[in-house]
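The values are calculated or read from the model by the stated rules, or taken from the named source; none is laboratory data. Quick caveat: nothing in here was measured; it's all calculated off a predicted structure. Glycine also receives a Cβ, built like all others from the backbone with ideal geometry; neighbour counts cover every protein chain displayed. Calculation scope for accessible area: heavy atoms of the full protein, side chains included, ligands and nucleic acids excluded. Shrake-Rupley method; radii C 1.70, N 1.55, O 1.52, S 1.80 Å.
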Amino acid sequence: MVPIRQNLVPEWNYENKCPYGMDPLYIAVHNTANDAPAANEVNYMINNPNEVSFHYAVDDKEIVQGVPEDRNTWNAGDGDGDGNMRSISVEICYSLSGGERFTQAEKNAAEFIASILKRKGWGINRVKKHQDFNGKYCPHRTLDMGWQRFLNMVREFLGQEAKPIEPPKPVHPLQDLGPVDCIYQVFTDQWWPPVKNREDWAGAGDGEAIRYLGICVSKGTISGRVYTERSAWLPYLTFGRGYNINDVENGVLGDGSPIQAIELYYHTPDGYLYKKAVYCVSDMNHEIFYPAQYDNETGNGQDGYAGVKGVAVDKFQAWIE
């Protein structure tokens, strides 16, 4: 197996990267959607303040550990589910362009995952896709090439017999979903009227903090969570064609204290071309309109959420594109 080395997240960044102790049950497999080596992926991950993290990155030459296995990571987009809270996360590098480096990185990852299974005394049923936890098509290139094919690589390193690979199902062209309306409204000291797409902003916009957010979409579903003054990040909730402003526990996002950041991502129905949630907020203190965010993506100027922790927001806008 290729060398394994550590470049662990400093304890001062545990709050963002791995705030909880963990007794893992699964291995979550990812592709980085980037063309950087493992060292670069881990170094960037451990030093930025974003709540995005993983345990290991594997490239064609080495394995680099960024988070201890007994700490959680924000890798799977499932809130406090098993992906984030009970899985050892493994990122396979060089998946953006593929080629020989990715092929070798994937082989190294299969061997490394087999070694974890042996060490833990686990069966191959503990190996999961990112997709299993929140539906995201990841590990994208590994899935394109065949998930059973990858599991057979792991089986080979375990000394087990490979399972037959089913022939690929016929691929049908994805349909255009057409326009999707995003409807939302906010509560400050009262519920303000609903807003659709970019027709207006939701909120008073005069220094009154948003305390609850109701949001829904006309097609598909949208998931979201909010960071509040009282509770930090609240659990994700998912909404379809409606929400209930009278149900502040499950019908809307928020806990009644000022909301400081919002994270959303849109679930495109199966068989349709991908669409994403776009959303932005304004700073209550300085009336600064922060740049729009796309789903819960990071990189390229995106930090995975709209807003700044520590500063309440007073306006909100969202649409699907």
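How many percent of all Cα-Cα pairs in region 184-252 sit more than 20 Å apart?
On the way: 644 of 2346 pairs.
That tail contains 27 percent of the Cα-Cα pairs.
Based only on Cα atoms, what mean projected area does the convex hull of region 4-90 have, in nm²?
Values: hull surface 20.3 nm².
If you wrap the Cα atoms of region 4-90 in a convex hull and average its projections, you get 5.1 nm².
Provide the solvent-accessible area of ARG225, counting protein heavy atoms only and rolling a 1.4 Å probe, rounded to the nearest 10 Å².
Number for this one is 20 Å².
For the chain, build the charge dipole from Cβ charges (+1 Lys, Arg; -1 Asp, Glu) around the Cα centre, then report which of PRO164, GLY178, ALA33 sits farthest towards its positive end.
Of the candidates, PRO164 comes out farthest on the positive side.
Tell me the carbon and sulfur percent of the accessible area for region 108-157, rounded to whole percent, probe radius 1.4 Å.
Working: 980 of 2190 Å².
Here carbon and sulfur together make up 45 percent of the probe-accessible area.
Springs between alpha-carbon pairs under 10 angstrom, Gaussian network model over the chain: which of ASP80, ASP189, ASP283 fluctuates most?
ASP189
What whole-number value in Å² describes the accessible area per residue of the chain for a 1.4 Å probe?
Details: 15030 Å² over 321 residues.
Solvent-accessible surface per residue comes out at 47 Å².
How do 206-214, 244-252 rank on mean C-beta neighbours within 10 Å, highest first?
Working: 206-214: 20.2, 244-252: 13.2.
My ranking of the peptides, most packed first, is 206-214, 244-252.
For the chain, with only Lys/Arg (+1) and Asp/Glu (-1) charged at the beta-carbon, what is the dipole magnitude about the Cα centre, in debye rounded to 20? It would help to have the intermediate numbers written out before the result.
On the way: 30 positive and 43 negative charges, 216 e Å.
Dipole size: approximately 1040 debye.
Ratio of alpha-carbon Rg to the 2.2 N^0.38 Å globular estimate for region 154-287, to two decimals, please.
Values: Rg = 20.0 Å, N = 134, 2.2 N^0.38 = 14.1 Å.
Ratio of Cα Rg to 2.2 N^0.38 Å: 1.41.
Which distance in Å, rounded to a whole number, links the C-alpha centroids of region 173-229 and region 49-110?
Value for the Cα centre distance between the two parts: 32 Å.
Please report the net charge: other residues with Cβ closer than 11 Å to the Cβ of TYR94, K and R +1, D and E -1. Present the calculation step by step, with values, prior to reporting the outcome.
Values: positive: LYS61, ARG101, ARG141; negative: ASP35, GLU41, ASP59, ASP60, GLU91, GLU100, GLU106.
Once positives and negatives cancel, what remains is -4.
Please sort 24-32, 64-72 by packing, taking for each peptide the average over its residues of neighbouring beta carbons within 10 angstrom, highest first.
Numbers: 24-32: 23.7, 64-72: 19.9.
In decreasing order of mean packing, 24-32, 64-72 become 24-32, 64-72.
Summing Lys, Arg as +1 and Asp, Glu as -1, what charge do residues with Cβ under 9 Å from the Cβ of ILE116 carry, ILE116 excluded? Don't skip to the answer; put the middle values down first.
Values: positive: LYS118, ARG119, LYS120, ARG126; negative: GLU69.
Value of the local net charge: +3.
Report, for the chain, the % of DSSP beta bridges that are antiparallel, rounded to 5.
If I count the DSSP bridges inside the chain, around 75 percent turn out antiparallel.
Please identify which residues in region 99-138 have an amide N closer than 11 Å to a label point set 7 Å out from the Cα of ILE165, following the Cα→Cβ vector.
No residues fall inside that zone.
If the chain between ALA33 and TYR274 were fully stretched, how many nm would it gain, using 0.36 nm times the residue separation less the Cα-Cα distance? Please report the intermediate quantities before stating the final value.
Details: separation 241, 0.36 × 241 = 86.76 nm, distance 1.62 nm.
Difference between extended and current length: 85.1 nm.
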